[in-house]
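The values are calculated or read from the model by the stated rules, or taken from the named source; none is laboratory data. Bear in mind that the values here come from a model prediction, so they are computed numbers and not experimental data. We place every Cβ from the backbone using ideal geometry, glycine too, and count neighbours over all the protein chains shown. Ligands, DNA and RNA are excluded from the accessible area calculation, which covers all protein heavy atoms including side chains. Shrake-Rupley method; radii C 1.70, N 1.55, O 1.52, S 1.80 Å.
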Amino acid sequence: MKTFIFALAFAASFSAFAQDSDNYSEKKNNSKVYYTKGGNASLLSFAQVTRDGEEVSSIPRFTMFVNIGTNANVDLGNHLGLFAGLNLTNIGMITEETIVGTVKTDVFKYKQRVYALGVPVGIKIGDLRKFYVYGGAEAAYAINFKQKTFINGEKVDKFNEWFSNRSNPFMPAVFAGFQTKQGFGLKVQYYLNDFLNPDFSENGVKPYANTESKIFFVTLGYNFGKK
């Protein structure tokens, strides 16, 4: 299922790290390096989670806040460019499990997210004034973990931890996308590490030791123009 969704999202591809295309010539004349702001916009995240080899039900997660960033751009010509940036991205997943007991059946839902501070580096290819595709990699570090727990629809627990080891602290990713002349685009980003840290231990117990948790997101981007 994950492979199908990922392939579909990748084929649709991908976002706005971008340029103020309408003022492209002016930028080239004024400065070889120029800056754009915007980063990721609204995110639709998907997760593939297994525990002890069994698939755990996951729910697509949509978020608008807080996703901000800035990029430094270098155009090597009309059809090739490089960029690097700094992003703060809200990433996470929603999982749901049904626990059948001797008396009743309970439905557990977990909403987990981190704020990830990332440094993307990438390349742009195409007509940089009209339409181009891009791709690259991002090194991200999780700085804040938040979890909400629900049982049968009722919230029973909530906590927020800075620099927590519940999630993987280091979240490297790869991404690809496209950008249009009007400044809009789509991007898909896939995280290479498990979202949950299998080495995390609490009171001598490793709750995620046998859990695999991969996530990726699709985002609609917008070119906010030159700073």
Close pairs from the range 152-166: first under 21 Å from residue 99 (Cβ atoms), partner assigned to a loop (DSSP other than H, G, I, E, B), Cβ under 7 Å, at least 6 apart = 166/197; 166/200
Output the residue which, of all residues in the range 51-79 that are among the hydroxyl-bearing types (Ser, Thr, Tyr) and touching a Leu at 6+ places or on another chain (Cβ under 7 Å), is most open to solvent (accessible area, probe 1.4 Å).
-> 70
Which of the following residues is over 18 Å from the mean Cα position of the chain (by Cα) and surrounded by 14 or more Cβ atoms within 10 Å (Cβ to Cβ): 88, 82?
-> 82
If residue 86 passes every condition in (1) within 20 Å of residue 174 (Cα to Cα); (2) in contact with a His (Cβ under 9 Å, 6 or more places away or on another chain); (3) of a type in the set (A, V, I, L, M, F, W, C) but one, which one does it miss?
-> (2)
Report, by residue number, each residue of the range 28-77 that is among the basic types (Lys, Arg) and part of a strand (DSSP E or B).
-> 37, 51, 61
Among what's in the range 181-196 and is over 19 Å from residue 138 (Cβ atoms) and not in a strand (DSSP E or B), pick the residue that is modelled with the lowest pLDDT.
-> 183
Residues (among the hydrophobic types (A, V, I, L, M, F, W, C) and either farther than 24 Å from residue 36 by Cβ or exposed (fewer than 12 other Cβ atoms within 10 Å of the Cβ) (or both)) located in the range 157-210 | 159, 162, 163, 170, 192, 195, 196, 200, 205, 209
Qualifying residue in the range 75-82 (condition: out of contact with any helix residue (DSSP H, G or I) (no Cβ under 8 Å at 6 or more places or on another chain) and under 18 Å from residue 148 (Cα atoms)) | no
